[in-house]
1. Let's see if you can work this out: charge +1 on each Lys and Arg Cβ, -1 on each Asp and Glu Cβ, no other charges. What is the dipole magnitude of the chain about its Cα centre, in debye to the nearest 20?
2. Roughly to the nearest percent, how much of the accessible area of the range 108-216 is carbon and sulfur, given a 1.4 Å probe?
3. Taking the range 105-176, which chymotrypsin sites (Phe, Trp or Tyr not before Pro) meet the DSSP loop condition and have no more than 12 other C-beta atoms within 10 Å?
4. Find how many whole Å separate the alpha carbon centroid of the range 2-17 from the alpha carbon centroid of the range 173-216.
5. What figure, in Å² to the nearest 10, do you get for the accessible area of HIS45 with a 1.4 Å probe and non-protein molecules left out?
6. Calculate the spin-label point distance for ARG191 paired with LYS105, positioning each point 7 Å from the Cα along the beta-carbon direction, and give it in nanometres.
7. Loop only per DSSP, at most 15 neighbouring Cβ atoms within 10 Å: give me the GluC sites (Glu not before Pro) in the range 119-204, ordered by residue number.
8. Are there GluC sites (Glu not before Pro) in the range 28-88 that DSSP puts in a loop and that have at most 16 other Cβ atoms within 10 Å, and which ones?
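The values are calculated or read from the model by the stated rules, or taken from the named source; none is laboratory data. Owing to the predicted nature of the structure, the values given are computational and were not obtained by experimental measurement. With ideal geometry, Cβ positions are generated from the backbone for all residues, glycine too; neighbour counts draw on all protein chains shown. Surface accessibility is based on the protein's heavy atoms, side chains included, excluding ligands, DNA and RNA. Shrake-Rupley method; radii C 1.70, N 1.55, O 1.52, S 1.80 Å.
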Amino acid sequence: MKKTEILQESQLNFPYNLESLPYEYNALEPFVDAQTMELHHTKHHNAYIQKANAALENDAANNKIPLVHLFDKVSELSPAIRNNGGGHFNHQFFWQILKANENGKPSGELMQHIDKSFGSFDNFREEFTNAALTRFGSGWAWLAIDDNNELFVSSTPNQDNPLMDIADKRGYPLIGLDVWEHAYYLKYQNRRPDYVKAFWNIVNWAEVEKRYQNLLK
Ligand code: MN
(Lines give C-alpha, C1' and ligand atoms only; values in the text may rest on other atoms or scores of the structure.)
Protein backbone atom coordinates (compact mmCIF):
# COMPACT_ATOMS: atom_id res chain seq x y z
CA MET A 1 0.00 0.00 0.00
CA LYS A 2 1.93 2.94 -1.37
CA LYS A 3 -0.41 5.88 -0.84
CA THR A 4 -1.71 5.35 2.70
CA GLU A 5 -0.09 8.60 3.84
CA ILE A 6 -2.55 10.57 1.71
CA LEU A 7 -5.37 9.49 4.03
CA GLN A 8 -3.61 10.71 7.15
CA GLU A 9 -5.47 13.42 9.10
CA SER A 10 -4.56 14.86 12.48
CA GLN A 11 -7.61 13.17 14.04
CA LEU A 12 -5.99 9.84 13.24
CA ASN A 13 -3.06 10.38 15.60
CA PHE A 14 -3.20 9.02 19.17
CA PRO A 15 -4.80 10.16 21.43
CA TYR A 16 -7.89 10.27 19.26
CA ASN A 17 -10.69 12.72 19.91
CA LEU A 18 -14.22 13.20 18.69
CA GLU A 19 -14.43 15.99 16.16
CA SER A 20 -17.71 17.82 15.50
CA LEU A 21 -19.55 16.79 12.37
CA PRO A 22 -19.15 19.17 9.40
CA TYR A 23 -22.98 19.67 9.44
CA GLU A 24 -25.94 19.62 11.82
CA TYR A 25 -27.40 16.33 13.02
CA ASN A 26 -30.55 16.99 10.97
CA ALA A 27 -28.64 17.81 7.76
CA LEU A 28 -29.30 14.41 6.17
CA GLU A 29 -33.03 14.32 6.89
CA PRO A 30 -35.21 12.64 5.76
CA PHE A 31 -32.75 9.95 4.63
CA VAL A 32 -30.97 9.61 7.95
CA ASP A 33 -32.76 11.07 10.95
CA ALA A 34 -31.20 13.51 13.42
CA GLN A 35 -31.57 11.20 16.41
CA THR A 36 -29.68 8.40 14.65
CA MET A 37 -26.94 10.83 13.62
CA GLU A 38 -26.53 12.20 17.15
CA LEU A 39 -26.45 8.77 18.81
CA HIS A 40 -24.18 7.40 16.11
CA HIS A 41 -21.70 10.24 16.54
CA THR A 42 -21.76 10.94 20.29
CA LYS A 43 -22.27 7.35 21.51
CA HIS A 44 -21.04 4.84 18.94
CA HIS A 45 -18.19 6.74 17.32
CA ASN A 46 -17.14 8.17 20.67
CA ALA A 47 -17.06 4.69 22.23
CA TYR A 48 -14.68 3.46 19.52
CA ILE A 49 -12.43 6.44 20.22
CA GLN A 50 -12.37 5.90 23.99
CA LYS A 51 -11.70 2.18 23.60
CA ALA A 52 -8.99 2.72 20.96
CA ASN A 53 -7.28 5.22 23.28
CA ALA A 54 -7.49 2.72 26.16
CA ALA A 55 -6.08 -0.06 23.98
CA LEU A 56 -3.09 2.06 22.91
CA GLU A 57 -2.50 3.98 26.13
CA ASN A 58 0.23 1.67 27.41
CA ASP A 59 1.47 0.57 24.01
CA ALA A 60 4.28 3.07 23.42
CA ALA A 61 5.56 1.26 20.33
CA ASN A 62 2.25 1.46 18.49
CA ASN A 63 0.67 4.66 19.78
CA LYS A 64 3.25 6.75 17.93
CA ILE A 65 2.24 5.18 14.62
CA PRO A 66 -0.58 6.93 12.72
CA LEU A 67 -3.74 4.85 12.71
CA VAL A 68 -3.74 4.46 8.92
CA HIS A 69 -0.32 2.80 9.18
CA LEU A 70 -1.33 0.51 12.04
CA PHE A 71 -3.82 -1.02 9.58
CA ASP A 72 -0.86 -2.29 7.51
CA LYS A 73 -0.02 -4.72 10.32
CA VAL A 74 -3.37 -5.01 12.07
CA SER A 75 -3.24 -8.83 11.86
CA GLU A 76 -0.41 -8.68 14.43
CA LEU A 77 -2.25 -6.30 16.78
CA SER A 78 -4.90 -6.89 19.45
CA PRO A 79 -8.58 -7.25 18.52
CA ALA A 80 -9.20 -4.12 20.63
CA ILE A 81 -6.96 -2.05 18.34
CA ARG A 82 -8.37 -3.64 15.19
CA ASN A 83 -12.02 -3.19 16.19
CA ASN A 84 -11.85 0.22 17.85
CA GLY A 85 -9.14 1.74 15.68
CA GLY A 86 -11.12 0.55 12.67
CA GLY A 87 -14.28 1.97 14.23
CA HIS A 88 -12.67 5.37 14.68
CA PHE A 89 -11.23 5.56 11.16
CA ASN A 90 -14.38 4.26 9.47
CA HIS A 91 -16.69 6.74 11.19
CA GLN A 92 -14.31 9.70 10.81
CA PHE A 93 -14.24 8.85 7.08
CA PHE A 94 -17.99 8.20 6.81
CA TRP A 95 -19.03 11.61 8.18
CA GLN A 96 -16.87 13.37 5.60
CA ILE A 97 -18.38 11.68 2.57
CA LEU A 98 -22.00 12.43 3.51
CA LYS A 99 -24.04 15.42 2.36
CA ALA A 100 -27.59 15.87 1.12
CA ASN A 101 -27.29 15.73 -2.67
CA GLU A 102 -30.77 15.08 -4.09
CA ASN A 103 -29.78 11.85 -5.77
CA GLY A 104 -26.65 13.30 -7.32
CA LYS A 105 -23.90 11.62 -9.27
CA PRO A 106 -20.17 12.08 -9.55
CA SER A 107 -18.85 14.21 -12.38
CA GLY A 108 -15.69 14.47 -14.37
CA GLU A 109 -12.96 11.85 -14.23
CA LEU A 110 -14.47 9.77 -11.44
CA MET A 111 -17.70 9.30 -13.39
CA GLN A 112 -15.73 8.22 -16.47
CA HIS A 113 -13.69 5.83 -14.35
CA ILE A 114 -16.86 4.32 -12.82
CA ASP A 115 -18.34 3.87 -16.30
CA LYS A 116 -15.17 2.16 -17.49
CA SER A 117 -14.84 -0.10 -14.44
CA PHE A 118 -18.46 -1.12 -13.92
CA GLY A 119 -20.06 -0.52 -17.34
CA SER A 120 -22.32 2.27 -16.06
CA PHE A 121 -23.14 4.26 -12.95
CA ASP A 122 -26.28 2.15 -12.46
CA ASN A 123 -24.22 -1.04 -12.61
CA PHE A 124 -21.84 0.38 -10.03
CA ARG A 125 -24.76 1.26 -7.73
CA GLU A 126 -26.15 -2.24 -8.14
CA GLU A 127 -22.83 -3.88 -7.29
CA PHE A 128 -22.34 -1.62 -4.27
CA THR A 129 -25.92 -2.21 -3.09
CA ASN A 130 -25.41 -5.93 -3.44
CA ALA A 131 -22.23 -5.74 -1.33
CA ALA A 132 -24.11 -3.80 1.35
CA LEU A 133 -27.07 -6.18 1.40
CA THR A 134 -25.13 -9.43 1.34
CA ARG A 135 -22.79 -8.44 4.17
CA PHE A 136 -24.10 -10.79 6.88
CA GLY A 137 -24.43 -9.12 10.28
CA SER A 138 -22.46 -5.94 10.91
CA GLY A 139 -19.96 -4.37 8.57
CA TRP A 140 -19.32 -1.92 5.77
CA ALA A 141 -19.61 -1.69 1.98
CA TRP A 142 -16.88 0.17 0.10
CA LEU A 143 -15.91 1.76 -3.17
CA ALA A 144 -12.12 1.86 -3.13
CA ILE A 145 -9.16 2.35 -5.43
CA ASP A 146 -6.09 0.14 -5.36
CA ASP A 147 -2.40 0.78 -5.96
CA ASN A 148 -2.92 0.22 -9.69
CA ASN A 149 -5.64 2.90 -9.76
CA GLU A 150 -8.34 0.25 -10.30
CA LEU A 151 -11.74 0.91 -8.71
CA PHE A 152 -13.44 -1.92 -6.89
CA VAL A 153 -16.43 -2.61 -4.65
CA SER A 154 -16.05 -4.75 -1.56
CA SER A 155 -17.46 -5.31 1.89
CA THR A 156 -15.78 -5.98 5.22
CA PRO A 157 -17.10 -7.41 8.50
CA ASN A 158 -17.32 -5.56 11.81
CA GLN A 159 -15.06 -2.46 11.77
CA ASP A 160 -12.53 -3.79 9.27
CA ASN A 161 -11.75 -1.75 6.15
CA PRO A 162 -9.82 -2.15 2.87
CA LEU A 163 -6.69 -0.51 4.32
CA MET A 164 -6.18 -3.44 6.67
CA ASP A 165 -3.74 -6.23 5.88
CA ILE A 166 -6.48 -8.75 6.64
CA ALA A 167 -8.85 -7.37 3.94
CA ASP A 168 -9.70 -9.73 1.06
CA LYS A 169 -9.08 -6.86 -1.37
CA ARG A 170 -6.86 -3.97 -0.31
CA GLY A 171 -7.22 -0.36 -1.39
CA TYR A 172 -8.03 3.19 -0.35
CA PRO A 173 -11.67 3.97 0.53
CA LEU A 174 -13.58 6.48 -1.59
CA ILE A 175 -17.07 5.65 -0.32
CA GLY A 176 -17.97 3.67 2.77
CA LEU A 177 -21.42 2.73 3.97
CA ASP A 178 -21.99 1.66 7.56
CA VAL A 179 -24.45 -1.25 7.52
CA TRP A 180 -24.44 -1.88 11.27
CA GLU A 181 -28.01 -1.79 12.58
CA HIS A 182 -27.09 1.19 14.79
CA ALA A 183 -26.72 3.23 11.58
CA TYR A 184 -30.33 2.75 10.49
CA TYR A 185 -32.50 0.81 12.94
CA LEU A 186 -34.40 3.75 14.50
CA LYS A 187 -35.76 4.87 11.14
CA TYR A 188 -35.66 1.75 9.00
CA GLN A 189 -35.83 -1.05 11.59
CA ASN A 190 -34.91 -4.29 9.77
CA ARG A 191 -35.22 -2.73 6.29
CA ARG A 192 -31.57 -2.45 5.31
CA PRO A 193 -32.49 -2.27 1.58
CA ASP A 194 -34.46 0.96 2.17
CA TYR A 195 -31.51 2.49 4.03
CA VAL A 196 -29.07 1.54 1.27
CA LYS A 197 -31.42 2.96 -1.36
CA ALA A 198 -31.67 6.23 0.61
CA PHE A 199 -27.88 6.41 0.87
CA TRP A 200 -27.58 7.56 -2.76
CA ASN A 201 -29.28 10.81 -1.71
CA ILE A 202 -26.58 11.62 0.83
CA VAL A 203 -23.26 10.87 -0.89
CA ASN A 204 -21.00 13.93 -0.92
CA TRP A 205 -19.76 13.43 -4.46
CA ALA A 206 -17.60 16.57 -4.40
CA GLU A 207 -15.69 15.18 -1.41
CA VAL A 208 -15.43 11.72 -3.00
CA GLU A 209 -14.13 13.28 -6.21
CA LYS A 210 -11.56 15.30 -4.24
CA ARG A 211 -10.31 12.16 -2.48
CA TYR A 212 -10.19 10.31 -5.80
CA GLN A 213 -8.07 13.07 -7.36
CA ASN A 214 -5.69 13.10 -4.38
CA LEU A 215 -5.21 9.34 -4.63
CA LEU A 216 -4.61 9.42 -8.39
CA LYS A 217 -1.57 11.68 -8.00
MN1 MN B 1 -21.47 2.96 12.94
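1. For the chain, the charge dipole is close to 120 debye.
2. Here it works out to 45 percent.
3. Passing sites in the range 105-176 are PHE136.
4. A separation of 21 Å, based on Cα centres.
5. Here the residue's solvent-accessible area equals roughly 0 Å².
6. Between LYS105 and ARG191, the simple spin-label model gives 2.6 nm.
7. Within the range 119-204, the qualifying GluC sites (Glu not before Pro) (loop, at most 15 other Cβ atoms within 10 Å) are GLU150.
8. GLU57
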